[in-house]
Amino acid sequence: MNRFECGILELKVAGGTEEAPGMSFSGYGAVFGNIDAHGDVIEQGAFLDALSDAGKSGQWPAMLLQHGGWEADSMMPVGVWTEMREDSIGLYVEGKLADTPRGKEVYSLLKMEPRPAINGLSIGYIAKEFALRTKPDEPRRTLKKVDLLEVSLVTFPANPKARISGVKSDISIRDAERALRDAGFSRTEAKSILASGYGALSLRDAEEKDGKVIIELIKRNIETLKN
């Protein structure tokens, strides 16, 4: 995977992960002190100015998928970043996916088992200050200050240490009720299940519902729905 450059805008892939409002995840868009596949390393403090400017102006870096493209549709954001900060590890980010077809698709990929289908994060930036290598064993560039334009969810990471670290499974009572109704339960039955747990219906009643209803799935998730 080569770095893609367009003028002074560089799109660098690092490693990074709801079907309803509240779909959120967190991870690292960049990791300090780790040489990536392109031979660059980012110093701690490189994002501080950009993050300060974003906080003051309210114009945060965009959340894109695979860095977007040259068409308007592909440049459409898939969500918003709700938190960005530097810590001792790197650029920590928290984001919320949009309740749109693309946002739902991304969330499904993040939640796949036995492993996420996508879990990479990537930064799109302008290098403001950097030092070039002076010795063969040094990084190609040491980035000291960058102007952060966007952070994307991507498939292929150049920096394997920058990964999505968590995906929240937020689900409202209304969403859970709708899912049970779609599976074939009546409104009364759905409310009963959510209020009292799976035991509110007999096993025979559940087995007689639509074949798409997976009894074991309901058993496994009932505590999550109740909470």
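Below, the figures for the structure above:
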| read-out | value |
| --- | --- |
| The range 146-151 - phi-based ³J(HN,Hα) in whole Hz, Karplus 6.51/-1.76/1.60, Gly and Pro as x | 10, 9, 7, 9, 7, 10 |
| Ranked list, fewest to most other Cβ atoms within 10 Å of each Cβ, for Val106, Val151 | Val106, Val151 |
| Shape category assigned to the range 52-102 from the gyration tensor of Cα positions, a/c cut at 1.5 | prolate |
| Least to most buried among Tyr107, Tyr125 (fewest other Cβ within 10 Å first) | Tyr107, Tyr125 |
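Since every read-out is calculated from the coordinates, none of them should be taken as a lab result. As the structure is a prediction and not an experimental result, all values here were calculated from the model. FYI the Cβ positions are ideal-geometry reconstructions off the backbone, even for glycines, and counts take in every protein chain you see.
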